[in-house]
Amino acid sequence: MSGLYARESRSVSTMAHLRFFPQAVVGGNGAYLTGDDGRKLLDFAASWGAASLGHAHPAIREAVNRALSDQAGASYLSTANEPCVLLAEKLLSLVPERARGRVWFGHSGSDANETVARMVVAATGRPRILAFDGAYHGGTVGSMAVSGHPSQQGARAKNLTLIPYPNSYAAGSPDAAKDAALAHLEKLFATEVPPQEVAAFFIEPIQSDGGMLVPPDGFFPALEALCRQHGILIVSDEVKVGLGRTGRFNAFAHFGIEPDIAVFGKGLGGGLPISAVVGPEAILNHAVAFSLQTVHGNPVCAAAALAVLHTIERDNLVANAERTGRVLREALDRLAARHALIGDVRGRGLALGVELTDARQTALTVYRAFQLGLVLYYVGVNSNVLEFTPPLTLTEAEAQEGVAILGQALADVAAGRVDEALLADFAGW
Ligand SMILES: Cc1ncc(COP(=O)(O)O)c(C=O)c1O
């Protein structure tokens, strides 16, 4: 079906678009997508991490087919269903003791974070929320309200205070970044933000949409100690980098902290819409009929999520993310040594970022990579960080293939071989 992209523009609204190049796909398998022009595209984005097992994974197909062949309703609002109960039991086994209470299910990272933001205030009676500058916790009114990403066009909540996320590269050293962010927080606590009024601190263990920023050693433990001292709940937004992507099942586990509440989404459904909030019973059972949408907890998406978690375990995909991520990282480090456009390479496992020295060149690089057969998007508060969130099933050969394409794209951009006019219709973010 060629010409799909142009047809789309005549029928589909642009309001959800976040486009970097004219990509139109008609299918996909594993780490590859099939373009409407028949091209095979290596997918290093995996639909922003949602296609956690790649495309058309047989385990998800079978689970969805089974759930639909004898369908236990379409919702968990007014009836229990087995896939949801099994999924809740499984998720409870995957979080630290302090979060092991109850599970709420939603459709997306956005509705999950919005629910948490309302729930922690209602359950604790404390009015304030803390989060980080550059944080992306979602695109609904309530999740945008507790986010700090500059691309967003929604209002922040009046009860939100944003803290700088420690950026080791920008600050010149991890210690400088850590000390500045902690000093900022301690000063706020001593002045305009009384800590006893704070219900929760939303963190991203690695700040992905803000630029794939990895926190300096010791930062989160110090933050955790402050939160414990003041009875502030820690909410770990694992939506993009959790579920094995970083080479540990939970991303927060890299940094030696244990959140009270963990939020999962994106890759949980392997491409189907489902999110989950896991946390203490006293918070998660605070009220009934508090946050609900009709097909929340539907057995089809829950079955897909169970298949995702089962496959991650069965196929050792956490270890694969660690191992293949190391191969990818080393190849990117070698590229950095050859390309002056690259300022920094960072991340963990298969959640990697490459900061370029210039936003325009970043947009040109992803465009050129697409022309050459690689799907890669960019993130960052300055729109200059290439983001790598490929399927957890990525092989070392695929990692090398992608980096070779990226190397060519960078060389073409540096040599001025990519026409800037191509970007006219692709604002990105
Ligand atoms: C860390 C994080 N949290 C929440 C969200 C929102 O998830 P969704 O867009 O699936 O609602 C995102 C999306 O980019 C994210 O990266």
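The values are calculated or read from the model by the stated rules, or taken from the named source; none is laboratory data. Not measured: the values here are computed from a predicted model. In this analysis, Cβ positions are derived from the backbone assuming ideal geometry, glycine residues included, and neighbour counts consider all displayed protein chains.
Can you pull out the residues in the stretch 100-130 that are more than 20 Å from residue 269 (Cβ to Cβ) and assigned to a helix (DSSP H, G or I)?
117, 118, 119, 120, 121, 122, 123, 124, listed by residue number.
Listed residues 56, 24, 16, 31; which is of a type in the set (A, V, I, L, M), in contact (Cβ under 8 Å) with a residue 40 or more places away in the chain and either over 23 Å from residue 138 (Cβ atoms) or not assigned by TED's automatic domain parsing to the domain that holds residue 212 (or both)?
31
Name the single residue that is surrounded by the most Cβ atoms within 10 Å (Cβ to Cβ) among those in the stretch 363-394 being of a type in the set (S, T, N, Q) and more than 20 Å from the chain's Cα centre (by Cα).
Only one residue fits best here, namely 365.
Does any residue in the stretch 123-148 that is within 20 Å of residue 192 (Cβ to Cβ) and assigned by TED's automatic domain parsing to the domain that holds residue 212 come within less than 7 Å, Cβ to Cβ, of a residue that is assigned to a loop (DSSP other than H, G, I, E, B) and basic (Lys, Arg) six or more places away or on a different chain, and which pairs are these?
145/156
Going by the structure shown, is residue 299 within 30 Å of residue 383 (Cβ to Cβ) and touching a helix residue (DSSP H, G or I) at 6+ places or on another chain (Cβ under 6 Å)?
no
Of all the helices (runs of 4 or more DSSP H) wholly in the stretch 265-345, which have at least 3 residues that are farther than 30 Å from residue 412 by Cα, within 16 Å of the ligand (Cβ to nearest atom) and assigned by TED's automatic domain parsing to the domain that holds residue 167?
Helices (runs of 4 or more DSSP H) meeting the threshold: 299-314.
Would you confirm whether or not the stretch 225-238 contains a residue that is touching a residue at least 40 places away in the same chain (Cβ under 8 Å), among the charged types (D, E, K, R) and within 10 Å of the ligand (Cβ to nearest atom)?
yes
Quick one: how many residues across the stretch 396-429 are over 24 Å from residue 338 (Cα atoms) and either outside any helix (DSSP H, G or I) or touching a residue at least 40 places away in the same chain (Cβ under 8 Å) (or both)?
Number satisfying all stated conditions: 7.
When you scan the stretch 131-141, how many residues do you find that are over 19 Å from residue 163 (Cα atoms) and in a strand (DSSP E or B)?
Residues flagged as over 19 Å from residue 163 (Cα atoms) and in a strand (DSSP E or B) within the stretch 131-141 amount to 0.
Can you pull out every residue in the stretch 167-224 that is away from the ligand (no atom under 16 Å from the Cβ), of a type in the set (Val, Ile, Thr) and crowded, with 22+ Cβ neighbours inside 10 Å?
Residue satisfying the conditions is 198 alone.
Being away from the ligand (no atom under 16 Å from the Cβ), in contact with a Lys or Arg (Cβ under 9 Å, 6 or more places away or on another chain) and in the same structural domain as residue 144 (by TED's automatic domain parsing) is true for just one of 242, 247. Which residue is that?
None of the other options fit; the residue is 247.
Being away from the ligand (no atom under 14 Å from the Cβ) and buried (at least 19 other Cβ atoms within 10 Å of the Cβ): is that true of residue 159 here?
Against the criterion (away from the ligand (no atom under 14 Å from the Cβ) and buried (at least 19 other Cβ atoms within 10 Å of the Cβ)), residue 159 does not qualify.
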